[in-house]
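Just so it is clear, none of the values below were taken in a lab; they were calculated from the coordinates. In this text, all values refer to a predicted model and were calculated from it rather than measured experimentally. Reconstructed Cβ throughout: ideal geometry from the backbone, glycine too, with neighbour counts over all protein chains shown.
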Amino acid sequence: MSWVNAIIQGILIGGLYALFACGLSLMFGVMKVINLAHGDLAVVAAYTALGVITITHVPAVWSFILVVPIFAVLGYVVQRTLIQAALDRSVLTTLLVTFGLSVVIENALLQFASADSHSLDIGPLVSDSIQIGSQISIAWLLLVIFVVAVVVLLGLQYFLSSSRQGRLIRAVADDQEAAQLSGADYRHVFGIAGAIAFGTVALAGLAFGMYSSFDPTIGTDQLLLFAFEAVVIGGLGSLWGTLVGGILLGVVQQIGAQIGPSNQILAGQLVFLLILVIRPQGLTARRSTA
Amino acid sequence: MTAPGRAAAGQAAAGMLTGPDGGGPGAARVTRSRRTTLWAALGALVVVVILGYLPYLVLSGTTDFLVNVFVLMTMASMWNLLAGYAGLVSVGQQAFVGLGGYLVLILSNHAVEPFLALPVAVAGCAVVGLPVWWLVSRLRTGYFAIATWVIASIFELIVVRFPSLGGGTGANLSGFENLDPTLLTAYTYWAALAVVVLVVLFVYLILRSRLGLVLTAMRDDEVGARSSGARVPRTQGFVFVVAAAGCGAAGAIIIISQLSIEPTAAFSVQYSAEMIFATIIGGIGTIEGPILGTIIFFALQKSLAQYGTWYFIVLGLVAMAVALWAPRGIWGLISERFGIRLFPVGYHLWPAGEQRPRGRAALRRRSSGTAPAGPAEASRGPGDGPGPPPG
């Protein structure tokens, strides 16, 4: 029964990983940018929420109402300025700039917020759970996070495939110059994609902050790598794949933890390597796009 | 990458002009060296000799500091070869820094003298580099970058599972109990100096060889190099293995100088950040860049020492600014301004009748913008056509 529990927990946490990963996946899909500061942004969002809660006294659960829009605007601005400037140079420059950003963010957090770990206090919600039998307990928080993640990913998929703005984003992703010739301002479209990516990663950061404790280094030590593994396992450039990849990563990690607590992260990474060996295009992609 | 790229395309083209132009009165000559090169070589020799003699002159604090400088110089030169030439942006070189250290630890636990363990550790890192390359080469650019990072994380997670290696808390390096501490400091210093000199020399010789032509072409335009018949994946694999060995050597020096190793620090992404910042600031895609960048790195570190982690924030911001607005780095600015190159990896074409290098004149011609512009050392005469395409 404890194995069933591990799998259920893995699926739920996998939703959170997918939420982390979808911004990374989107930015790569649209702008061909790998944002190496992606994990740190989630941590910054969690710290921002701490600040927002202290100042406005809103309950932690509702901090996203402020933090997510702030990050969406930030995403648009950073994309239009810093990342666009790097994109105009070369792919190499985008990597160097986002890596530099990651190091700067992490050290700045260490400087201003110390290395202590924090968490977003949501009161009794964190321990409330649904008990099924004696072995399985599903935390309400994780369930809500999972539902939010699925809704966000499906919503994003629908937005990209059906809405006017979404079609524009896909057009620019497919052929930047042709879209530009048809009157689309690709820089603005990139900005929108950046806003979505930053908004989703902020949401993921808040969810993570409620679920677990965070410190300045966890963004690169874990979150970026998990998000990346979810993307590669699922297949590059597909939000469905990202959801599948996130869930698979979560399940594998929980099964690993079931075997021994020190195996949790390693198990996920070994599956990532396995996928890289046997199916480098990911589980859901039809052909190699990496 | 475009600016240094264009310059080197000119170099490569000039390199293809084998010998005299023919035709004109007083034939043109092609040489590798210029007078500055001779002076640079002499200067480098003097610097190395003085550095080698240093342990007799200064206190161990100074040599310990210089060991750190040499280690970063080694790592930055390797990262420059990876990212600057082969187009492989790795943020996981700490995998091999840590591995090199742990290999020395393992060997010394089996009663091998640590200084003898160093070359074995380097070879071991190269051997491990091969299967790692096989794995990570399946991904490109940014995904390649994070994949190398994951590999480093995996190495760390594996190492901490061995209690014999100290597990998560680390271990002390044994094998120096009978050695006088002053001698140990001097030996460590000489080992670090030898490693950095060998690495820089090796990079220089690679870039002067036929392989260097392929690498330079890849740096400038990977697709172009591929279509000209350059074996890009194989060359990238070679560079990856070389960089694995070089970073392993740096890791071996680190454990010998610190006499202990701790997994979180040994596999820290901090190493990658340092080598990347030093290379970017100094000038990516040149041999001189990482050397100059390392000196700037430590100058900044020393001058900002009292502000804690601020020095790293400043370094990161400077590196970002350089990457955006001066992609050839500080060395790029210097060599552009004065037309000098200390390590000549290209060829210099002396147009007929021209005896002295006219660096400024060549520069003016280049900056006037008629493509493909030649670099300072390939100052072309107006009548010279472009060289034949690389075959």
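Quick notes on this structure:
- Basic side chains Lys and Arg get +1 at the Cβ, acidic Asp and Glu get -1 at the Cβ, and with that the dipole of segment A:2-278 about its Cα centre reaches some 520 debye.
- For segment A:2-278, the fraction of alpha-carbon pairs lying more than 27 Å apart is 38 percent, rounded to a whole number.
- Of all DSSP beta bridges in the protein assembly as shown, antiparallel share, percent nearest 5: 100 percent
- Chain A - mean residue ellipticity at 222 nm from DSSP helices (-39,500 (n - 2.57) per run, n ≥ 4, rounded to 500): -24000 deg cm²/dmol
- Among A:Ser212, A:Ala86, A:Ala108 - extreme Cα towards positive end, dipole of segment A:2-278, charges at beta-carbon: A:Ala86
- Under 5 Å, built H, 5+ apart or other chain: amide partners of A:Ser129: A:Trp140
- For the pair B:Ala299 and A:Ser2, a Förster radius of 51 Å applied to the C-beta separation gives a FRET efficiency near 0.35, rounded to the nearest 0.05.
- Cα gyration tensor shape of the protein assembly as shown, rounded if a/c is under 1.5, else prolate or oblate by comparing a/b with b/c: oblate
- In chain A, excluding the sites themselves, the longest stretch lacking any of the trypsin sites (Lys or Arg not before Pro) that are in a DSSP loop with at most 11 other Cβ atoms within 10 Å is A:1-285.
- Equivalent-ellipsoid semi-axes for segment B:238-335 (Cα gyration tensor, √(5λ), whole Å, largest first): 24, 19, 11.
- Modelled this way, with points 7 Å down the Cα-to-C-beta line, the labels at B:Ile334 and B:Val46 are 1.6 nm from one another.
- Note on A:Leu283 and A:Ser212: the model spin-label points, each 7 Å out from Cα along the C-beta direction, lie 1.9 nm apart.
- Shape category assigned to segment B:42-86 from the gyration tensor of Cα positions, a/c cut at 1.5: oblate
- The alpha carbon centroids of segment B:220-276 and segment A:186-200 are separated by 34 Å.
- Backbone N under 13 Å from the B:Leu198 label point (7 Å along Cα→Cβ), restricted to segment B:232-262: B:245-253
- Projecting label points 7 angstrom from Cα along Cα→Cβ for B:Leu183 and B:Ile158 puts them 3.7 nm apart.
- Selected from A:Leu92, A:Leu225, A:Leu153 as most flexible by GNM, with chain A as the system and alpha-carbon contacts under 10 Å: A:Leu92
- Annotation for segment B:101-126 versus segment A:41-64: alpha-carbon center distance of 49 Å.
- FRET E, pair A:Arg187, A:Val58, Förster distance 35 Å, beta-carbon r, rounded to 0.05: 0.50
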